[in-house]
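Enquirer: Could you have a look at this structure, given as structure tokens, before my questions?
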Amino acid sequence: ITLNLNDFNPKYPKNPQILGEKLRKARMDKRLMIKELAQLLGVTEDTVINWEVRGVRPQDGSLKKLKEALGMF
């Protein structure tokens with residue numbers, strides 16, 4: 001049996017509905033911290049938090065980088 005430790009994390013979105021939740025789930029599935037994803041994308045940690053928590057939509061250039069980093073969209 002393989003356990004997904006994220007299932008025990010209350011911040012892990014089990015049924016993501018909105019873009020921010022989908023981003024958070026994809027990031028956590030890749031075992032990336034907010035800081036690590038921000039560095040990969042060349043943005044600030046606050047930018048990643050804005051996307052995941054505050055409902056700010058990434059700009060097109062960032063969406064492309066997110067797709068490459070997280071394998072989504």
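The values are calculated or read from the model by the stated rules, or taken from the named source; none is laboratory data. These numbers come from a predicted model, not from an experiment. Note: ideal-geometry Cβ built from the backbone for every residue, glycine included; neighbour counts use all protein chains shown. The accessibility values were calculated without ligands, DNA or RNA, using every heavy atom of the protein model including side chains. Shrake-Rupley method; radii C 1.70, N 1.55, O 1.52, S 1.80 Å.
Enquirer: Considering only residues that are β-branched (Val, Ile, Thr) and either over 11 Å from the mean Cα position of the chain (by Cα) or surrounded by 15 or more Cβ atoms within 10 Å (Cβ to Cβ) (or both), which ones fall in the stretch 52-73? Write out each step before concluding.
Expert: Going through the stretch 52-73, the residues β-branched (Val, Ile, Thr) turn out to be 53, 56.
Within the stretch 52-73, Val56 is the sole residue that qualifies.
Enquirer: Moving to a separate point now. Which one is surrounded by the most Cβ atoms within 10 Å (Cβ to Cβ), of the residues in the stretch 1-24 that are among the charged types (D, E, K, R) and under 24 Å from Gln59 (Cα atoms)?
Expert: Filtering the stretch 1-24 for residues among the charged types (D, E, K, R) gives 7, 11, 14, 21-22, 24.
In the following step, the residues that additionally are under 24 Å from Gln59 (Cα atoms) were identified as 21-22, 24.
On the way: Glu21: 16, Lys22: 18, Arg24: 22.
Within the stretch 1-24, the match that is surrounded by the most Cβ atoms within 10 Å (Cβ to Cβ) is Arg24.
Enquirer: Another question, then. Looking at the structure I just gave you, is Leu41 open to solvent by less than 50 Å² (accessible area, probe 1.4 Å) and closer than 25 Å to Asp7 by Cβ?
Expert: For Leu41, the condition - open to solvent by less than 50 Å² (accessible area, probe 1.4 Å) and closer than 25 Å to Asp7 by Cβ - is not met.
Enquirer: What pairs can you find where one residue is in the stretch 3-28 and within 17 Å of Ile49 (Cβ to Cβ) and touching a residue at least 40 places away in the same chain (Cβ under 8 Å), the other is among the aromatic types (Phe, Trp, Tyr) and open to solvent by less than 30 Å² (accessible area, probe 1.4 Å), and their Cβ atoms are less than 7 Å apart, with a gap of 6+ or different chains?
Expert: Leu23/Trp51
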